[in-house]
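Q: Below you'll find the structure I mean.
Derivation of every value follows stated rules applied to the coordinates shown; laboratory data play no part. Just so we're clear, the structure is a prediction, and the values are computed from it rather than from any experiment. Glycine gets a Cβ as well: all are built from the backbone with ideal geometry, and neighbour counts include every protein chain shown.
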Amino acid sequence: MTSRHPAAPLLLISAAALAVSSCAALTGGPVGNRSPPQPAKSVDLQRYSGLWFELARYDNRFEANCQAVTAEYRLRSDGLVDVLNRCRKGAPGGALKSIHGRAKALAGSGDAKLKVAFFGPMLGNYWVLDHADDYSWSIVGEPSGRFLWILTRAAHPPRAVRDDLQARAAAMGYDPSLIRQTTQ
């Protein structure tokens, strides 16, 4: 069952994040990084397109009780990016919830900073802070330090990859005690 109602429980920038997605315009949880970093490198939006699995995130109200979270991005001919975020309520087999949005890369950001909209104007910030050269993982945040998503192309990456990504987020200043694992 798909929900397009404004009260839809999943709003990612995700992670981008989904991530999402990352909406500084929304009230998040505690500030988990008082000095969020700038993106480390440019993003090739064509290579970033496709399906991402949420490995971990900072808790947020729009993903409350969400598991099996995915974000799918598709580059459009007009330069915008279509966003489809999905989650299962309560457990990987729970009721499916989804939300559609769009994103626009900010000029001068190397396509690493995007503005995201799920309803109305593009307000949410979605920053691809770092990503693998082969686009197998991505760490997404935004300027308030309240949102963080760790995304992978694999639903169940090896433990070493999971540990490395959490260590990378911590090295960027994100509080590891606030990182919540997502069950896929």
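Q: For the residues LEU151, LEU55, what sequence is obtained by ranking on other C-beta atoms within 10 Å, fewest first? Write out the running numbers ahead of the final one.
A: Values: LEU151 32, LEU55 27.
Listing LEU151, LEU55 from fewest to most nearby Cβ atoms yields LEU55, LEU151.
Q: Residue by residue through the stretch 52-69, what is 3J(HN,Hα) from phi via Karplus (6.51 cos²θ - 1.76 cosθ + 1.60, θ = phi - 60°)? Round to whole Hz and write x for glycine and proline.
A: 10, 9, 6, 7, 7, 7, 7, 4, 8, 5, 7, 10, 4, 6, 8, 10, 6, 7
Q: Using Cβ counts within 10 Å as a stand-in for footprinting exposure, how do TRP149, TRP52, TRP127 rank, fewest first? Please report the intermediate quantities before stating the final value.
A: Details: TRP149 35, TRP52 31, TRP127 26.
Exposure proxy ranking, most exposed first: TRP127, TRP52, TRP149.
Q: Summing +1 for each Lys or Arg and -1 for each Asp or Glu, what net charge is found among the other residues whose Cβ lies under 15 Å from the Cβ of PHE53? Don't skip to the answer; put the middle values down first.
A: Details: positive: ARG57, ARG86, ARG88, ARG153, ARG162, ARG180; negative: GLU54, GLU63, GLU72.
Combined, the nearby Lys, Arg, Asp and Glu give +3.
Q: Once you have the alpha carbon radius of gyration of the stretch 45-181, what is it after dividing by 2.2 N^0.38 Å, with N set to its residue count? All intermediate terms of the calculation are to be shown ahead of the outcome.
A: Working: Rg = 14.3 Å, N = 137, 2.2 N^0.38 = 14.3 Å.
The value comes to 1.01.
Q: Please list 3J(HN,Hα) in residue order for the stretch 37-50, calculated via the Karplus relation 6.51 cos²θ - 1.76 cosθ + 1.60 where θ = phi - 60°; whole Hz, with x for glycine and proline.
A: My calculation for the stretch 37-50 gives x, 7, x, 7, 7, 5, 10, 8, 4, 5, 6, 6, 4, x Hz in order.
Q: Then there's this: Considering the zone a paramagnetic label at SER35 would reach in this model (a point 7 Å from Cα along the Cα-to-Cβ line), which residues of the stretch 148-184 have amide N under 11 Å from it?
A: Flagged as within label range: 173.
Q: Work out how much length ALA95 to SER49 would gain on full extension: take 0.36 nm times their residue separation and subtract the Cα-Cα distance, in nm to one decimal. Please report the intermediate quantities before stating the final value.
A: Values: separation 46, 0.36 × 46 = 16.56 nm, distance 2.54 nm.
In short, 14.0 nm is gained.
Q: Taking a cut-off of 19 Å between Cα atoms, list the lysines near LYS113, but don't count ones fewer than 8 places away on the same chain.
A: LYS41, LYS104
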